[in-house]
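Below is one structure, written out as structure tokens, with a few remarks after it.
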Amino acid sequence: MNTETEIQPAARGPGDHEVRDQIVAAATEHFSHYGYEKTTVSDLARAIGFSKAYIYKFFASKQSIGEAICHTCLRGIELQIEAAIASTDSAPEQLRRMFRVAVEASVALFNQDRKLYEIAVAAASEGWPTAVAYEARVRGHLQKILERGRAAGDFERKTPLDEAAQAIYLVMRPYLNPLLLRQSLQYSEDAPVQLSSLILRSLSP
């Protein structure tokens, strides 16, 4: 279950989800070839075979289409994070696995499709609602892990819970935020182990 309300791109126009999904699928392919920044809605309309006006019946802007794609990418990462957390009952191990899987999934997205990754970069740099909501849910997952660890006596209780969750998130953020990940890639293999060990030592009761 998500720790925060999941924000999805607002739908508009006819309730024909098949057409909306067709637009998103075609846009994903087009963005992956030509890049998000260099593509216009007119380009998409020509590529898909729809009129520009028809696309605007379903999406308010190019960003709205980008947000739909970004939501799918970020949700895929979050599902892996949730699975990692659910794979153990130990709060310290949950934190280790969450950090490792989150970094691996983010790096995999970066390596698989650089042009498509531009959408995630735009979302992070411009503060799109999908990216903001994703970061909030990641912090929520961290806070739940801290709560479990404190209840089990694994973690200290002096630091305010929200402050501890935010501090841990800030340590992880260079490897989760698409805009920052590009500068942190050289450390992505060792960082999850080293930083999670440092975090866990700081959380010792």
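No lab work stands behind these numbers, since they all come straight from the coordinates. No experiment lies behind these values; they were computed from the predicted model shown. In this analysis, Cβ positions are derived from the backbone assuming ideal geometry, glycine residues included, and neighbour counts consider all displayed protein chains.
What the table shows:
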quantity: Principal-axis tilt of helix 114-126 within the chain, Cα atoms, nearest 10 degrees; calculated: 70 degrees
quantity: Selection of chymotrypsin sites (Phe, Trp or Tyr not before Pro), the stretch 144-183, meeting DSSP coil and at most 13 other Cβ within 10 Å; calculated: none
quantity: Size of electric dipole in the chain: Cβ of Lys, Arg +1 and of Asp, Glu -1, about Cα centre, debye, nearest 20; calculated: 240 debye
quantity: Alpha carbon convex hull of the stretch 66-203, projected area averaged over orientations, nm²; calculated: 7.7 nm²
quantity: Extension gain from residue 111 to residue 167, taking 0.36 nm per residue of separation minus the Cα-Cα distance; calculated: 17.4 nm
quantity: Proximal aspartates and glutamates to residue 38, defined as alpha-carbon separation beneath 18 angstrom and excluding residues fewer than eight positions away on the same chain; calculated: 29, 67, 113, 118, 126
quantity: Anchor residue 158: lysines whose Cα lies under 20 Å away (excluding residues fewer than 8 positions away in-chain); calculated: 144
quantity: Structure-based [θ]222 nm, the chain - -39500 (n - 2.57) summed over DSSP H runs of at least 4, per residue, nearest 500; calculated: -23500 deg cm²/dmol
quantity: Summed side-chain charge close to residue 146 - residues other than residue 146 whose Cβ falls under 13 Å, Lys, Arg +1, Asp, Glu -1; calculated: +1
quantity: Estimated FRET transfer efficiency when R0 is 45 angstrom, pair residue 89-residue 57 (beta carbons, to 0.05); calculated: 0.40
quantity: Helix 129-151 vs. the chain, principal-axis angle (Cα, 0 to 90°, nearest 10); calculated: 20 degrees
quantity: Mean separation of Cα contacts under 8 Å, 6 or more apart, over the residue count of the stretch 56-154: relative contact order %; calculated: 35 percent
quantity: Student exercise, the stretch 101-152 dipole from Lys, Arg, Asp, Glu Cβ charges, in Debye to nearest 20; calculated: 280 debye
quantity: Degrees separating the helix 161-176 axis from the principal Cα axis of the chain, which is the longest one; calculated: 50 degrees
